[in-house]
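Beneath this line is the structure, given in structure tokens, with notes to follow.
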Amino acid sequence: MNIKNIILCLCILTLSSCALNLGLFTASYKFNGASINYAETKTIQIADFPIRASYVWGPMAPMFNNKLKDKFADNTKLSLVKRNGDMKIEGEITQYTQRNKSVSSEGYSSQTELSITVNVRFTNTKKHDEDFEKSFSAASSYETTQNLNAVQDKLVDEILDEIVDQIFNATVANW
């Protein structure tokens, strides 16, 4: 291995998990997108999101709540607290719908799209200019020949992963 390869490897290792510590100011930047000043922001409060949609699938709310809390626990150093968090995320699942996405040559629906929308209220008690209320949506399609009950677990899991990523990016990634 020549010197250029060694330097390249060191640069990649350094950039893959950077932290800046200048006494009072500590910021961490990771490839997961989180950019949080941990000296200033130490806790996050994530409320359970109830389902307020007209059509309801029971396991969806606990799945979403667990995925959202796990995302922040796995990708930040923030401590999850029940109240008085430096950051607060709350809201509700507002839509769980199906619609025909495409029609076959015989005139019948050939694909159905399942979509979920979540309304989020985000408060950053340290930087109120970052506060927002916003809806996040994602969808996935399945063949109409399949029964929704047969594909629902997988589709909802994928859709919720996408929505949780959108929320994470909007709240702490500052994209």
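Looking at the range 129-152, is at least one residue among the basic types (Lys, Arg), at pLDDT below 95 and open to solvent by 80 Å² or more (accessible area, probe 1.4 Å)? No; the residues of the range 129-152 include none that is among the basic types (Lys, Arg), at pLDDT below 95 and open to solvent by 80 Å² or more (accessible area, probe 1.4 Å).
Within the range 140-152, is even one residue in a helix (DSSP H, G or I), in contact (Cβ under 8 Å) with a residue 60 or more places away in the chain and more than 22 Å from Ile89 (Cα to Cα)? Scanning the range 140-152, I find at least one residue that is in a helix (DSSP H, G or I), in contact (Cβ under 8 Å) with a residue 60 or more places away in the chain and more than 22 Å from Ile89 (Cα to Cα), so the answer is yes.
Mind checking whether some residue in the range 86-97 is open to solvent by less than 50 Å² (accessible area, probe 1.4 Å), touching a residue at least 60 places away in the same chain (Cβ under 8 Å) and of a type in the set (Val, Ile, Thr)? Within the range 86-97 (the criterion being open to solvent by less than 50 Å² (accessible area, probe 1.4 Å), touching a residue at least 60 places away in the same chain (Cβ under 8 Å) and of a type in the set (Val, Ile, Thr)), the answer is yes, since at least one residue qualifies. Of the residues making up the range 59-85, those that are open to solvent by 30 Å² or more (accessible area, probe 1.4 Å) and either hydroxyl-bearing (Ser, Thr, Tyr) or in a strand (DSSP E or B) (or both) are Ser79, Leu80, Val81.
The values are calculated or read from the model by the stated rules, or taken from the named source; none is laboratory data. If you're wondering where the values come from, they're calculated on a predicted model, not measured in any experiment. A quick note on method: Cβ atoms are made from the backbone with ideal geometry, for glycine too, and the neighbour counts reach across all protein chains shown. Surface accessibility is based on the protein's heavy atoms, side chains included, excluding ligands, DNA and RNA. Shrake-Rupley method; radii C 1.70, N 1.55, O 1.52, S 1.80 Å.
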